[in-house]
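Reading through the C-alpha cells given below for one structure.
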C-alpha cells in the first residue's frame, strides 16, 4: 500500500551558482532539495520523481514541492489544448530506501495576471523560506505511458493515481544564504 511509504528526510543543499550568462553576466542561483523515502512494506512502490508543482507562501515562509498531481480545474471553451509527458517515476523496492533530488530556483519567477495588464512578471525570493513541505504520489501499480494525451486528461488521471504522502521539515538558516 502506498501509505506504507514514508518520507524520512527533506534536505536543502547549500546555494549553487551557475556560470555567468554570456550576454549579461547574470548567474542563476538554485538549491537542490533531496527527499529520502523508505518503503517498509512488502511490495514495490512506484513514486513520482519529478516536480509537478511548486508554490511559496511568503507570509508563512513555507515552500511546497509537489511530486503529485493536483486535480485540474475546469476547462474554458477557448482554452488551448496541449500535451504533457507522463511524469518520471522511481521504484522503491520493499524494505529499501531511495532519494529523489529536485532543483529549485532561489528566485521564483511567475507570470501572473494583474489589473490593467494581461500579465506581469512577479519575482519571489525563496531564500527566506523557513519550512519545506513535500507532497509525493506513490502506488503499487505503475503510471504507464500515454502517447499524446492532452494535459487535462493526464492531470485528471494522475490526480486519481495512487496516494499522496506529505511531510515537512525546517530549513537550516545557513543553507539559504
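Across region 18-59, the convex hull enclosing all Cα atoms gives 161 Å³ per residue.
Using the Cβ-Cβ distance between residue 130 and residue 102 with R0 = 22 Å, the FRET efficiency computed as 1/(1 + (r/R0)^6) comes to roughly 0.70.
Zone of residue 54 (label point 7 Å along Cα→Cβ, backbone N under 18 Å): which residues in region 106-124? Label zone hits: 106-112, 121-124. Who wins for biggest fluctuation among 62, 114, 90 in a Gaussian network model of the chain, springs between alpha carbons below 10 Å? Among 62, 114, 90, the largest mean-square fluctuation in the Gaussian network model of the chain belongs to 114. For the chain, modelled as a GNM whose springs connect Cα atoms under 10 angstrom apart, the maximal fluctuation among 32, 57, 24 occurs at 24. In the elastic network of the chain, a GNM with C-alpha springs shorter than 10 Å, the most mobile of 16, 112, 160 is 112. In terms of surrounding Cβ atoms within a 10 Å radius of their Cβ, 23, 129 rank from fewest to most as 23, 129.
Pairs of alpha-carbon atoms within less than 8 angstrom and 6+ residues apart define the contacts here; what relative contact order does the chain have, in percent? Reported relative contact order: 31 percent. What is region 97-171 by shape, rounded, prolate or oblate, if you read a ≥ b ≥ c off the alpha carbon gyration tensor as root eigenvalues and call it rounded for a/c under 1.5, prolate for a/b larger than b/c, and oblate otherwise? Verdict is oblate for region 97-171. Using a simple spin-label model with pseudo-atoms 7 Å out from Cα toward Cβ, residue 160 and residue 15 lie 4.6 nm apart.
Modelled this way, with points 7 Å down the Cα-to-C-beta line, the labels at residue 75 and residue 153 are 0.9 nm from one another. If you model region 40-122 as an ellipsoid using its alpha carbon gyration tensor, with each semi-axis the square root of five times an eigenvalue, the axes come out at 32, 19, 11 Å, biggest first. Ordered by the count of other Cβ atoms within 10 Å of each Cβ, fewest first, 95, 46, 152 give 95, 152, 46. Here Rg/Rh (Cα atoms, Kirkwood Rh) was calculated from the structure, and among (i) 1.12; (ii) 1.18; (iii) 1.00 it sits at label (iii).
Rule-based calculations on the coordinates, nothing more; no lab input. Everything quoted here is computed from the prediction, not taken from an experiment. FYI the Cβ positions are ideal-geometry reconstructions off the backbone, even for glycines, and counts take in every protein chain you see.
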